[in-house]
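The values are calculated or read from the model by the stated rules, or taken from the named source; none is laboratory data. No experiment lies behind these values; they were computed from the predicted model shown. Here the Cβ positions follow ideal geometry from the backbone for every residue, glycine too, while neighbour counts run over all protein chains shown. Heads up: the accessible areas ignore ligands, DNA and RNA and are worked out on the full protein's heavy atoms, side chains in. Shrake-Rupley method; radii C 1.70, N 1.55, O 1.52, S 1.80 Å.
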Amino acid sequence: QVQLVESGGGLVQPGGSLRLSCAASLRSFVNYGMAWHRQAPGKQRELVATISSGLRTTYAESVKGRFTISRDNGKKTVYLQMNSLKPEDTAVYYCNVMSSNIWGQGTQVTVSS
C-alpha cells in the first residue's frame with residue numbers, strides 16, 4: 001500500500017520560513033510527478049506546486065517567487081520550501097502523487113504573529 005507522510009508544518013511568524021517534506025513509500029518514485037496542495041478553513045483545496053519526473057516545476061501565482069518545490073529521488077521525498085510566509089498561507093498542506101488518488105494526511109501550517 002502506497003503511503004505519503006508529510007512533516008515540517010508548524011506555527012511561524014509572517015515573513016518566516018518553513019520546509020515541508022513528503023516521504024513516499026512508492027515503488028519507482030522517480031517515474032511519478034508530485035504535487036503540493038493546500039486547503040484553508042472554509043476554502044476549496046488548491047494546487048500550490050508541482051514537480052514532474054523530469055524536474056519541471058509549476059507554481060500557483062500566489063506563491064511564485066516565495067515557494068520552491070524539489071525532490072530527492074534517492075530518499076523518495078518531495079519538499080516544499082516556503083519563504084516570506086504570509087497569514088494567507090495558513091492552511092493544511094497535502095502532498096499528492098499527480099494523476100492519482102494517493103494523498104498524504106496533511107500537515108498544518110499557521111502563519112501568525
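Counting only residues that are assigned to a strand (DSSP E or B), under 15 Å from Asp72 (Cβ atoms) and either open to solvent by less than 20 Å² (accessible area, probe 1.4 Å) or among the hydroxyl-bearing types (Ser, Thr, Tyr) (or both), region 7-35 holds 6 of them. Scanning for something closer than 19 Å to Val5 by Cα, open to solvent by less than 20 Å² (accessible area, probe 1.4 Å) and either small (Gly, Ala, Ser) or outside any strand (DSSP E or B) (or both), does region 73-83 turn up at least one residue? Looking through region 73-83, none of the residues is closer than 19 Å to Val5 by Cα, open to solvent by less than 20 Å² (accessible area, probe 1.4 Å) and either small (Gly, Ala, Ser) or outside any strand (DSSP E or B) (or both). Considering each residue of region 38-46 in turn, none proves to be in contact (Cβ under 8 Å) with a residue 24 or more places away in the chain, assigned to a strand (DSSP E or B) and of a type in the set (Gly, Ala, Ser).
Answer yes or no as to whether Ser25 is under 15 Å from Gly104 (Cβ atoms) and in contact with a Ser or Thr (Cβ under 6 Å, 6 or more places away or on another chain). Answer is no for this residue.
A quick yes/no check of all residues on (1) buried (at least 20 other Cβ atoms within 10 Å of the Cβ); (2) of a type in the set (Val, Ile, Thr); (3) modelled with pLDDT of 95 or more; (4) in a strand (DSSP E or B):
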{"position": "Thr50", "(1), (2), (3), (4)": "no, yes, yes, yes"}
{"position": "Ser53", "(1), (2), (3), (4)": "no, no, yes, no"}
{"position": "Ser62", "(1), (2), (3), (4)": "no, no, yes, no"}
{"position": "Gly65", "(1), (2), (3), (4)": "no, no, yes, no"}
{"position": "Leu85", "(1), (2), (3), (4)": "yes, no, yes, no"}
{"position": "Cys95", "(1), (2), (3), (4)": "yes, no, yes, yes"}
{"position": "Ser99", "(1), (2), (3), (4)": "no, no, no, no"}
{"position": "Thr110", "(1), (2), (3), (4)": "no, yes, yes, yes"}
